[in-house]
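To start, the structure itself, in structure tokens.
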Amino acid sequence: MTRHFLRDDDVTPAEQLEILDLAVQVKADRWGRRPLEGPRTVAVIFDKSSTRTRVSFAVGIADLGGSPLIISTANSQLGGKETPADTARVLERMVSAIVWRTYAQSGLEEMAAGTTVPVVNALSDDFHPCQLLADLLTIREHKGRLAGLTVAFVGDGSDNMVHSYLLAGATAGMHVRVAFPEAYPPVAAVVEDARRIAATTGGSIALTHDPREAVAGSDVVVTDTWVSMGREDEKAVRVEALGPYQVTEEMMGAAAADAVFLHCLPADRGFEVAPEVIDGPRSVIWDEAENRLHAQKALLVWLLDHA
Ligand code: CP
Ligand code: NVA
């Protein structure tokens with residue numbers, strides 16, 4: 001049966017580990033795997049802007065011997081005139097996989113339900129699972145392991161990165177803490193799913209409104225923009241509510257001495273993170289950005305293997 005990657009818990013803990021191990025291999029031997037030789041085409045569709053996702057998928061698909069077809073919904077029939085299911089029925093006749101950055105998670109589910117080729121979530125309003133594979137790879141490179149580590153996300157609790165950290169972190173056996181203002185909590189059903197997974201992996205989930213409590217002793221500190229794509233109109237009110245959640249040097253002082261800082265980028269310096277932190281010695285953001293390439297190549301190899 002075709003496997004899709006729409007949310008972080010679409011893979012089991014063992015499968016997540018397999019994909020991360022594969023990422024290490026493809027990173028060490030960049031052109032060693034050619035499952036898309038032909039070239040076979042992968043469609044990469046964008047309803048929202050992107051730099052890293054667009055480039056890392058385009059380069060990664062080419063590295064794997066394939067041909068990336070980058071589609072902007074602004075000038076395609078999807079996103080107005082044609083349903084995700086009908087679009088997928090057409091694409092599957094010509095492409096080997098579909099990667100889609102969109103708004104509603106339900107669109108991705110509809111597309112996956114209607115097609116025989118793997119569908120990959122390249123960011124939705126709810127999740128950013130490809131980014132989490134890159135983040136986990138980066139954390140493992142810097143810390144040597146994932147299970148048992150504590151990761152603190154500080155900022156907008158309703159962010160797609162939070163939901164992905166909850167699910168992917170729990171899957172990896174990590175202790176995931178999220179500090180957020182009352183007005184911007186994570187989706188309760190995702191928190192429940194993460195808790196259920198954590199109970200099987202030795203991880204845990206903790207929610208708080210106190211950023212210092214979340215960061216205390218953490219191995220990894222993470223944040224993301226306060227104004228995700230599609231929420232631009234809420235900027236003033238968000239900045240007001242999220243002000244106390246800026247990741248500062250002082251806040252990083254509460255983390256473990258060897259803690260690392262991650263941010264999926266793009267970043268708003270001076271808002272969710274102080275420039276000294278994101279541009280400081282504990283920041284691993286450039287490794288994290290590069291690892292999008294290796295992690296997604298591994299994901300594609302794995303999905304094509306399981307197709
Ligand atoms: N982190 C990330 O997904 O970046 P882009 O929006 O540039 O793809
Ligand atoms: N939470 C951000 C991530 C950008 C990569 C957004 O959805 O805009």
Do we have any residue at all in segment 234-242 that's touching a Pro at 6+ places or on another chain (Cβ under 9 Å), of a type in the set (A, V, I, L, M, F, W, C) and either within 18 Å of HIS128 (Cβ to Cβ) or in a helix (DSSP H, G or I) (or both)? yes
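Conditions (1) in contact with a Phe, Trp or Tyr (Cβ under 7 Å, 6 or more places away or on another chain); (2) assigned to a loop (DSSP other than H, G, I, E, B); (3) more than 16 Å from ligand 1 (Cβ to nearest atom), marked per residue:
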site	(1), (2), (3)
ARG3	no, yes, yes
ILE19	yes, no, yes
VAL44	yes, no, no
ARG54	yes, no, no
ALA85	no, no, yes
VAL90	no, no, yes
If I ask for residues that are outside any loop (DSSP other than H, G, I, E, B) and touching a residue at least 60 places away in the same chain (Cβ under 8 Å), which ones from segment 100-119 would you list? GLN105, LEU108, GLU109, ALA112, VAL119
Is there a residue being surrounded by 24 or more Cβ atoms within 10 Å (Cβ to Cβ), in a helix (DSSP H, G or I) and touching a strand residue (DSSP E or B) at 6+ places or on another chain (Cβ under 9 Å) anywhere in segment 151-161? yes
Could you give me the residue pairs with C-beta distances under 8 Å whose first residue belongs to segment 203-216 and is closer than 20 Å to VAL187 by Cβ, whose second residue is open to solvent by less than 40 Å² (accessible area, probe 1.4 Å) and assigned to a loop (DSSP other than H, G, I, E, B) wherever it lies, and which are 6+ apart or on separate chains? GLY203/ALA172; GLY203/GLY173; GLY203/MET174; LEU207/GLY157; LEU207/PHE180; LEU207/PRO186; HIS209/PHE180; HIS209/PRO181
Here's a check for you: in segment 262-298, which residue that is away from ligand 2 (no atom under 16 Å from the Cβ) and outside any helix (DSSP H, G or I) is nearest to ALA28 (Cα to Cα)? VAL284
Scan segment 276-291 and report the pairs whose first residue is touching a residue at least 24 places away in the same chain (Cβ under 8 Å) and more than 24 Å from ARG54 (Cβ to Cβ) and whose second residue is charged (D, E, K, R) and open to solvent by 10 Å² or more (accessible area, probe 1.4 Å), with Cβ atoms within less than 9 Å and a gap of 6+ or a chain change. GLU276/GLU249; VAL277/GLU249; GLY280/GLU249; ARG282/ASP258
Which condition breaks for ARG54 when tested against (1) without any contact (Cβ under 8 Å) to a residue 24 or more places away in the chain; (2) touching a helix residue (DSSP H, G or I) at 6+ places or on another chain (Cβ under 8 Å); (3) under 15 Å from ARG292 (Cβ atoms)? (2)
So, of the residues in segment 217-245 that are within 16 Å of ligand 2 (Cβ to nearest atom) and of a type in the set (S, T, N, Q), which turns out to be farthest from SER50 (Cα to Cα)? THR223
Of the residues VAL26, VAL59, which is at pLDDT 95 or above, open to solvent by less than 70 Å² (accessible area, probe 1.4 Å) and in contact with a Lys or Arg (Cβ under 6 Å, 6 or more places away or on another chain)? VAL26
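Say we look at segment 246-261 and pick out the residues that are part of a strand (DSSP E or B) and under 22 Å from ASN291 (Cα atoms); which of these is farthest from ligand 2 (Cβ to nearest atom)?
First pass over segment 246-261, keeping only residues part of a strand (DSSP E or B): 247, 260-261.
Subsequent filtering for residues that are under 22 Å from ASN291 (Cα atoms) retains 260-261.
Values: VAL260: 19, PHE261: 16 Å.
Once the filter is applied, the top-ranked residue is VAL260.
The values are calculated or read from the model by the stated rules, or taken from the named source; none is laboratory data. Not measured: the values here are computed from a predicted model. We place every Cβ from the backbone using ideal geometry, glycine too, and count neighbours over all the protein chains shown. Calculation scope for accessible area: heavy atoms of the full protein, side chains included, ligands and nucleic acids excluded. Shrake-Rupley method; radii C 1.70, N 1.55, O 1.52, S 1.80 Å.
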